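The values are calculated or read from the model by the stated rules, or taken from the named source; none is laboratory data. Since the model is a prediction, treat every value here as computed from it, not as a measurement. Glycine gets a Cβ as well: all are built from the backbone with ideal geometry, and neighbour counts include every protein chain shown.
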Amino acid sequence: MNFYNDERIGLFIDGSNLYAAARALNFDIDYKQLLATFAKEGRLIRALYYTALLEDQEYSPIRPLVDWLDYNGYTMVTKPAKEFTDSAGRRKIKGNMDIEIAIDVMEMCDQLDHIVLFSGDGDFRRLLEAVQRRGVRVSVVSTVKSNPPMVADELRRQADCFIEMTDIKDRICRSTSRNDDAAAIPDDSHLGLDLESA
């Protein structure tokens, strides 16, 4: 990873995108380790996690993770997911958080030296270009090692640094031999939310 010790770092995590990338690589994210990994790279100012929630359900499978993240160093940004039926009669859930991420990045970029975007969505290319013009460096965390790749080529090329998830897997992967501390952290392996990004 390409960070300077005194850089003010902000993490912007597209939850469904990160989950899909980790699932494609067959591992679960250890969110405590993820935070610690980037806190060692500079001055971590804020870590924001974005996800849509199914509000009308009595129990949401993502709720334990959202609650844990909220109490353990992450700023949660949520909104209700929209449920609809597509033309083939399949139930779909739409929970795009692109606007929320873009607004927060633009509002905070003057207080940050380095933005780390956990997403492979090519729609963010212009956002990266805009904050780079303000002197902020941008790293994108995703993967090209999955089939198909989870990051748009134009986003990867626009970033100052592309961080391949497989390269940091050992630092952010949930351990299979779980100790008591790790067992207290909810994992995202049971989410099963197929959030439409469009």
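For the reader, a short list of remarks on this structure follows.
- On inspection, Ala130 passes the criterion of being modelled with pLDDT of 95 or more, of a type outside the set (D, E, K, R), over 21 Å from Ala24 (Cβ atoms) and in a helix (DSSP H, G or I).
- Any hit, the range 66-76, residues being assigned to a loop (DSSP other than H, G, I, E, B), more than 18 Å from Glu100 (Cα to Cα) and aromatic (Phe, Trp, Tyr): no
- Asn96 vs. criteria in a loop (DSSP other than H, G, I, E, B), surrounded by fewer than 15 Cβ atoms within 10 Å (Cβ to Cβ) and not small (Gly, Ala, Ser): no
- Condition broken by Trp68, with the remaining ones in (1) farther than 23 Å from Lys169 by Cα; (2) under 17 Å from the mean Cα position of the chain (by Cα); (3) at pLDDT 90 or above satisfied: (1)
- Some residue of the range 4-17 being surrounded by fewer than 18 Cβ atoms within 10 Å (Cβ to Cβ), among the aromatic types (Phe, Trp, Tyr) and not in a strand (DSSP E or B): yes
- For the range 77-93, the tally of residues that are crowded, with 16+ Cβ neighbours inside 10 Å and without any contact (Cβ under 8 Å) to a residue 60 or more places away in the chain stands at 2.
- Any pair with Cβ under 8 angstrom, 6 or more apart, that starts in the range 10-24 at a residue that is closer than 13 Å to Asn96 by Cβ and hydrophobic (A, V, I, L, M, F, W, C) and ends at one that is assigned to a strand (DSSP E or B) and modelled with pLDDT of 95 or more: none
- Restricting attention to the range 165-177, the residues that are of a type outside the set (Ser, Thr, Tyr) and loosely packed, with under 15 Cβ neighbours inside 10 Å add up to 3.
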